[in-house]
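> Attaching a single structure in structure tokens format; questions to follow.
The values are calculated or read from the model by the stated rules, or taken from the named source; none is laboratory data. Just so you know, these numbers come straight off a predicted model, no measurement behind them. Backbone-built Cβ (ideal geometry, glycine too); neighbour counts: all protein chains shown. Calculation scope for accessible area: heavy atoms of the full protein, side chains included, ligands and nucleic acids excluded. Shrake-Rupley method; radii C 1.70, N 1.55, O 1.52, S 1.80 Å.
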Amino acid sequence: TEPSLLVDVADGVATLTLNRPEASNAFDLGMMREVEAALDRLRADDVRAVVVRGAGARFCAGGDVMSFLASDDPSASLHELAVLAERGVRELGELPKPVVVGVHGAVAGAGLSFVLNADIVVAARSTKFVAAYPGVGLTPDAGVSWLLPRAVGSQRALRHLLLNVPLTADEALAWGLVAEVVDDDAV
């Protein structure tokens, strides 16, 4: 089977591609373990910048709810996934080199943590940002509840997370969540 995370390094740029398009690049334990394993490669001196993108129609749908519900112990599986996701994405954002995230389609739930931990975010014009947590009865994880208010302000963060109101790419730009909005084929 193909890896859930593709890592390619060329000319000093490491490109990470979330590679579960059939699951809207929702991350499961396997993908987050692959992110953790890739961090050593990203810390190498020959990597001067990191680009994160998603394969398929959507950037990332957050945590793979079906994967932890299907486990023998859904609570333990969810907890392990949340811990790995927060640590992995935070460490990605703490790399001493620029991290650029290109988003398209949808950014949902903890997928927003990739955006919040990036140095620069470029969004396709058709991108929708959705909290998704209210729809599955969970609280924001992977650092989202701490980082989002700092990025967009408390009131906007609460509105987005509690009311589950989707943001367009242009709204995300106006809120300071993304640095640039481009045509869909230019991300």
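> What number goes with the only condition from (1) in contact with a Gly (Cβ under 9 Å, 6 or more places away or on another chain); (2) over 24 Å from residue 13 (Cβ atoms) that residue 69 does not pass?
Condition not satisfied by residue 69: (1).
> Scan 95, 112 and give me the residue that is part of a loop (DSSP other than H, G, I, E, B) and either at pLDDT 90 or above or on the phi > 0 side of the Ramachandran plot (or both).
Matching residue, one of 95, 112: 95.
> Select from region 40-66 the residues that are touching a Gly at 6+ places or on another chain (Cβ under 7 Å), of a type in the set (A, V, I, L, M, F, W, C) and farther than 28 Å from residue 125 by Cα and list them in ascending order.
47
> Among the residues of region 122-135, which ones are on the phi < 0 side of the Ramachandran plot and either open to solvent by 10 Å² or more (accessible area, probe 1.4 Å) or charged (D, E, K, R) (or both)?
Of all residues in region 122-135, those on the phi < 0 side of the Ramachandran plot come to 122-131, 133-135.
Hits for region 122-135 are 122, 125, 126, 128, 130, 133, 134, 135.
> Then there is this: Provide a single number: the residues in region 153-186 that are hydrophobic (A, V, I, L, M, F, W, C) and surrounded by fewer than 20 Cβ atoms within 10 Å (Cβ to Cβ).
10
> Within region 74-88, can one find any residue that is open to solvent by 30 Å² or more (accessible area, probe 1.4 Å) and not in a helix (DSSP H, G or I)?
Within region 74-88, none of the residues are open to solvent by 30 Å² or more (accessible area, probe 1.4 Å) and not in a helix (DSSP H, G or I).
> Among the strands (runs of 3 or more DSSP E) confined wholly to region 1-73, which include 3 or more residues that are within 21 Å of residue 115 (Cα to Cα) and open to solvent by 50 Å² or more (accessible area, probe 1.4 Å)?
5-10
> For region 115-135, give me each residue that is small (Gly, Ala, Ser) and assigned to a helix (DSSP H, G or I). Quick ask: steps written out before the conclusion?
If we filter region 115-135 for residues that are small (Gly, Ala, Ser), which is where we start, we get 118, 123-124, 126, 131-132, 135.
Listed by number, the list holds a single entry, 135.
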